[in-house]
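The values are calculated or read from the model by the stated rules, or taken from the named source; none is laboratory data. In this text, all values refer to a predicted model and were calculated from it rather than measured experimentally. Quick reminder, even Gly has a Cβ in these numbers, built from the backbone with ideal geometry, and neighbours come from all protein chains shown. The area values use the complete protein model at the heavy-atom level, side chains included, leaving out ligands, DNA and RNA. Shrake-Rupley method; radii C 1.70, N 1.55, O 1.52, S 1.80 Å.
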Amino acid sequence: MSGTGLSDARPCQPGPGPRGVPRIVDLIGNTPMVELSCVRGRVPAGVRILGKVEGFNPGGSVKARAAWNMVRRGLASGQLRPGKIILDSTSGNTGIALAMLGAALGYPVSLVMPENVSLERKRVLAAYGANIVYSSPFEGSDGAILLCRELLAQDPDRYFKPDQYNNEANAEAHYLTTGPEIWRQTGGKVTHLVATIGTSGTVMGTGRFLKESNPSVQIVAAEPEDAFHGIEGLKHMASSIVPGIWHREQVDRVIGVETEASYDMVYQIAAGDGLLLGQSSGAAVLAAIEIAQELKEGCIAAILPDFGDRYLSTNLWLGWRDRHQLASSN
Ligand SMILES: Cc1ncc(COP(=O)(O)O)c(C=O)c1O
């Protein structure tokens, strides 16, 4: 088992497992890429859209990579040490990843998040033993960021705050793993990267690696079309607190995507490819289709951040239910 590329420079191991048996952190990364067939007919024959299925990570999302690299760096620098609590603001997936790592490594985790995140997320976090602090459901991820800052200011020595929006180790995770994996999995043929933006760590780190490998690879960020959207995990940059790790000049293009269209794409991929994804994956594939329609040939890598079963109590499911006219109890 080769494990993640992060293990190359792993300074702090929680303790060796039995010989040859991987630990949970060794299973982060090396996710599969699949060709999406449901887009055929909508894109030119010479263009392939390959999805990187990040739901296969421990904790169920792309954020396992960033969370592990930030924790790993924190342990290496001594900022995270026994007695400290891992604290962060998160719209969900990073929190789940941190809670998973806290449980695996033996550190308590406290998370600030908007009260209206999905029920599944709240329950998963509770199962990992994390403490949840709710921020206003009307202030989105920015409200969680501000409340988290307040908690930290009240007792700074008590906490280790990975600070995913400003921690370069977030983007570095993708520079070290996601980028090299895509390069390898496409045999160096990738022409475009499409990644949605929350903290922007995925697009920044993966994009930087791919640009260094081939400067003509186009880096595309997909964001919600407007401030009021229903794509959990994503930020509309113009109306948000801009992450410190976001460098617009490192991205060739930003594409705005509508919530309803993203949901619709999720339903199409589920029915057409047998892959039930989260709504941000729908947004990424929509942006990839928009790019594909401008090309004759190409190989577009789209990051699919998580699976859809995490959203079955949200509007994503309700849209599908209404479309199929299922009884409201379904
Ligand atoms: C479901 C989902 N999609 C996309 C993203 C965006 O990833 P990044 O924070 O690397 O920009 C996130 C981030 O939390 C997410 O939870």
message: Please pick out the residue among A103, A97 that is open to solvent by less than 10 Å² (accessible area, probe 1.4 Å), of a type in the set (A, V, I, L, M) and at pLDDT 95 or above.
response: A97
- line: Within region 300-330, of all residues that are open to solvent by less than 10 Å² (accessible area, probe 1.4 Å) and not in a helix (DSSP H, G or I), the one farthest from V43 (Cα to Cα) is D306
query: Of these, V251, V242, V220, which one is open to solvent by 60 Å² or more (accessible area, probe 1.4 Å) and within 15 Å of the ligand (Cβ to nearest atom)?
result: V242
Given (1) in contact (Cβ under 8 Å) with a residue 40 or more places away in the chain; (2) open to solvent by less than 10 Å² (accessible area, probe 1.4 Å); (3) over 13 Å from the mean Cα position of the chain (by Cα), number of the condition S37 does not satisfy: (2)
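When you go through G129, G143 one by one, which is the residue that is at pLDDT 95 or above and open to solvent by less than 80 Å² (accessible area, probe 1.4 Å)? Steps first, please.
On the way: G143 fails: at pLDDT 95 or above.
Just one listed residue meets the conditions, G129.
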- line: The number of residues in region 291-310 that are within 21 Å of the chain's Cα centre (by Cα), away from the ligand (no atom under 11 Å from the Cβ) and of a type in the set (D, E, K, R) is 1
- prompt: Cβ-Cβ below 6 Å, separation at least six or inter-chain, first residue in region 157-185 and away from the ligand (no atom under 14 Å from the Cβ), second basic (K, R): which pairs?
  reply: F160/K84
- prompt: Is there any pair with a first residue in region 40-63 that is closer than 16 Å to N30 by Cβ and a second that is away from the ligand (no atom under 16 Å from the Cβ) and open to solvent by less than 20 Å² (accessible area, probe 1.4 Å) whose Cβ atoms are under 9 Å apart and which are 6 or more apart or on different chains, and what are they?
  reply: L50/L36; L50/T186; L50/V190; L50/C299; L50/I300; G51/L36; P58/V25
task: Working only within region 256-274, note down all residues that are more than 14 Å from the ligand (Cβ to nearest atom) and open to solvent by less than 30 Å² (accessible area, probe 1.4 Å).
output: Y267, I269
field: Cβ-Cβ under 9 Å pairs, at least 6 apart or on other chains, region 261-277 side closer than 15 Å to H324 by Cβ and assigned to a helix (DSSP H, G or I), far side open to solvent by less than 10 Å² (accessible area, probe 1.4 Å) and among the polar types (S, T, N, Q)
entry: Y263/Q279; V266/Q279; V266/S281
- prompt: Looking at region 147-174, which of its residues are surrounded by fewer than 22 Cβ atoms within 10 Å (Cβ to Cβ) and of a type in the set (S, T, Y)?
  reply: Y159
